[in-house]
Amino acid sequence: MIRITLKDGSVREYAEAVKIRDAAASISPSLAKSALAGEVDGIVRDLDYKIEKDCRLNILTFNDKGGKNAYRHTSSHILAHAVKRLYPEARLAIGPAIEEGFYYDFDLETPFTPDDLSKIENEMAAIVKADYPLERFTLPRDEAIKFMEEKGEPYKAELIRELPEGEEISFYRQGEFVDLCAGPHVPSTGKIKAFKLLSVAGAYWRGNEKNKMLQRIYGTSFPSQNDLNEYLKRLEEAKKRDHIKLGRELELFTTAEPVGQGLPLLMPKGAKVIQILQRFVEDEEERRGYQFTRTPYMAKSDLYKISGHWSHYRDSMFVLGDEEKDVEVMALRPMTCPFQFMIYNSRLHSYRELPVRYSETATLFRNESSGEMHGLIRLRQFTISEGHIICTPEQLEAEFSGVLDLINYMMDTLGIKEDIWYRFSKWDPANRSKYIDNPEAWEDTQAKMKAILDKLRIDYAEADGEAAFYGPKLDIQFKNVHGKEDTIITVQIDFALPERFDMFYIDKNSEKKRPYIIHRTSVGCYERTLAMLIEKYAGAFPTWLSPVQVKLLPIAESHHDYAGSLADRLKSLGLRCELDRRNEKIGYKIREAQLEKVPYMLIIGDKEKESGTVSVRSRKEGDLGAMAADDFINKILNEVNSRAK
């Protein structure tokens, strides 16, 4: 007798081994119809998987992550099947499911065109209509390599060679198409009801820019055409909000090939938004007891050897000089912590002085691979609101809580608090070479962080293997308009670097004690925050953040003097305004100001000049009509000073 415990806790008994599909049918015919895969003791399996012992079983549909992944993984195989039919010379690389769909990488000398994607979609439709079953089989390593080589698939053969000894090597067949794959998949190609190929991009094999550039076809799939249509509609809206598109249209930033990838050029308007953010952050941090520092952009390798970056992070650093040629080796800084620790160590500290809170608006450098960089979100040079708190063990909880209060205040003020969530990132004991090797300290520090998070009632997900090399961290996560998840802010508890830098304080018994260190940012990377704000507000920033808050639009040249005097008054009050003196029709000037997403337009003609008023058009509220200049100034100053969203 086999006992299967279902998701709701109920138990079903079967006299003999049972396939997942049959177990689903015994529960409910409708469940069997919508089933795509099954999760057996936490592992996602095909519906044909035979259960032979007691287990926990969760039947997966498209509403479950595992079911969605199986559905889209099969969609990627259908894509590869179609490409091989149309372009037999194409060589297959990899084709996984991803959060919003799937992709497959191909080695084909001729670039895919939009017309090619249409042909491929038509061929995919034929494969779906044929309803080929997906049949799993395995081969021994040598046979598997030979099998792929005979098919002219060198990338697949390479993957097989790198599998650990004893690893089961499985394949899936659908019609005449066979692919190396661990699965799982849906039962047949006919299960895929609606799909769309979205784009083609370049992608290096294995994500390594030293390898060959392949062609990656992106697509998505859903259980119904209505679901697909809704997604495509959302995708069009996302494209309108894309920070790269809007950033260029609104003249916030640009890029230039001679400058290099991951090195954006902030234009005056974009630089102004960053400046506003920096002033806001620096003033708020000072109000909360942070001491501002300024440290070098580079240091000798000696500093990074002390911190551990040289052994754990060197591949991500820009290194200057050559050790082999006996030239002094330096590196651009990837973070400021070692520098601020040197400031702390410049004199003795009593426990009465702790906590010490250092902050810095720090320009950092990280050698990101070309495939990782995207707009303002991931860069090779960026500026961050970095800070470090050196405190006693007794102060750790209160200081950590204070950091979260600062972050939440910043996110709330910027209007993006509802778009973020928390991830507790821990080390991976199975990959100890990635971290400072002190398992006892790791477990102790993670337990302390977890206790603090639970006491603060932070709703978080846990993620093994995502910690910094020197300690666990709380990551604040967000998704861009295309659904790509990224970390915008981190808070880390550091047990390792105080010892490596021989940091201490003198306690009340006049004894040396190691402090705890909290690494933190308050808004994270300014460039990434700008990208988030562009997408959040579709470029229409709140008035307090707008690079131009007011546009004065005189109707004729005779109105320039009055408009100019009003512009001078607004500027004297710290408001950012522009005066449009061009000899254009007022309708044209209004349309341009609307496209620039300026919060307020002041239209000035004879009536306004004679009465000392302005005709106000609000981006949010529309035409507000005539208003005394003083009344408008009070209105906008209240809006700016309250940082209204």
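Quick one: which residue in Ile343, Ile306 is assigned by TED's automatic domain parsing to the domain that holds Ser369 and aliphatic (A, V, I, L, M)? Walk me through it before giving the result.
Working: Ile306 fails: assigned by TED's automatic domain parsing to the domain that holds Ser369.
That would be Ile343, the only listed residue that is assigned by TED's automatic domain parsing to the domain that holds Ser369 and aliphatic (A, V, I, L, M).
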For this session: Give the residue that is farthest from Phe195 (Cα to Cα), with candidates limited to residues of segment 26-56 that are crowded, with 21+ Cβ neighbours inside 10 Å and small (Gly, Ala, Ser).
Result: Gly38
Problem set entry | Leu180, sole failed condition from (1) of a type outside the set (Asp, Glu); (2) over 16 Å from Ile78 (Cα atoms); (3) in contact with a helix residue (DSSP H, G or I) (Cβ under 8 Å, 6 or more places away or on another chain) | (2)
Exercise. Of Thr543, Thr521, Thr529, which residue is within 22 Å of Ile476 (Cβ to Cβ), of a type in the set (Ser, Thr, Tyr) and not in a strand (DSSP E or B)?
Worked result: Thr529
Problem set entry | Residue list for segment 577-616, filter: among the basic types (Lys, Arg) and on the phi > 0 side of the Ramachandran plot | Lys597
For this session: Count, please, the residues in segment 70-94 that happen to be part of a helix (DSSP H, G or I) and either of a type in the set (A, V, I, L, M, F, W, C) or not assigned by TED's automatic domain parsing to the domain that holds Arg173 (or both).
Result: 7
Problem set entry | From Tyr537, Tyr505, Tyr526, residue being of a type outside the set (Asp, Glu) and over 35 Å from the mean Cα position of the chain (by Cα) | Tyr505
For this session: For residues that are among the aromatic types (Phe, Trp, Tyr) and over 17 Å from Ala182 (Cβ atoms), scanning just segment 57-102, find the one that is surrounded by the fewest Cβ atoms within 10 Å (Cβ to Cβ).
Result: Tyr87
Problem set entry | Selection within segment 480-507 - within 30 Å of Ile98 (Cβ to Cβ) and surrounded by fewer than 16 Cβ atoms within 10 Å (Cβ to Cβ) | His482, Gly483, Lys484, Glu485
Exercise. Inside segment 553-609, can you point out the residues that are closer than 24 Å to Leu637 by Cβ, surrounded by fewer than 16 Cβ atoms within 10 Å (Cβ to Cβ), touching a residue at least 12 places away in the same chain (Cβ under 8 Å) and basic (Lys, Arg)?
Worked result: Arg569
Exercise. Leu246 versus (1) in contact (Cβ under 8 Å) with a residue 12 or more places away in the chain; (2) in the same structural domain as Ala130 (by TED's automatic domain parsing): which is the lone unmet condition?
Worked result: (2)
Seminar exercise, completed: segment 574-645: strands (runs of 3 or more DSSP E) wholly inside it with 1 or more residues that are under 23 Å from Leu252 (Cβ atoms) are 577-579, 600-604, 613-618
Exercise. When only residues in segment 171-201 that are more than 15 Å from Lys84 (Cα to Cα) and among the β-branched types (Val, Ile, Thr) count, which is surrounded by the fewest Cβ atoms within 10 Å (Cβ to Cβ)?
Worked result: Val200
Problem set entry | Matching residues, segment 475-495, being touching a helix residue (DSSP H, G or I) at 6+ places or on another chain (Cβ under 7 Å) and either of a type in the set (Val, Ile, Thr) or over 30 Å from Thr220 (Cβ atoms) (or both) | Ile476, Val481, Ile488, Ile489, Val491, Ile493, Phe495
Exercise. For segment 320-340, does any single residue satisfy the condition of being touching a Leu at 6+ places or on another chain (Cβ under 9 Å) and of a type in the set (S, T, N, Q)?
Worked result: yes
For this session: Looking only at segment 126-139, decide whether some residue is crowded, with 16+ Cβ neighbours inside 10 Å, in a helix (DSSP H, G or I) and either hydroxyl-bearing (Ser, Thr, Tyr) or touching a residue at least 40 places away in the same chain (Cβ under 8 Å) (or both).
Result: yes
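For segment 29-74, enumerate the residues that are β-branched (Val, Ile, Thr) and within 25 Å of Asp131 (Cβ to Cβ). Write out each step before concluding.
The initial filter retains those residues of segment 29-74 that are β-branched (Val, Ile, Thr), namely 40, 43-44, 51, 59, 61, 74.
Val44, Ile59, Thr61, Thr74 - these are the residues of segment 29-74 that are β-branched (Val, Ile, Thr) and within 25 Å of Asp131 (Cβ to Cβ).
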Exercise. Does Ile407 satisfy the criteria of being in contact (Cβ under 8 Å) with a residue 40 or more places away in the chain and in contact with a Leu (Cβ under 7 Å, 6 or more places away or on another chain)?
Worked result: no
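The values are calculated or read from the model by the stated rules, or taken from the named source; none is laboratory data. No experiment lies behind these values; they were computed from the predicted model shown. Cβ coordinates were reconstructed from backbone atoms using ideal geometry, including for glycine residues, and neighbour counts include every protein chain displayed.
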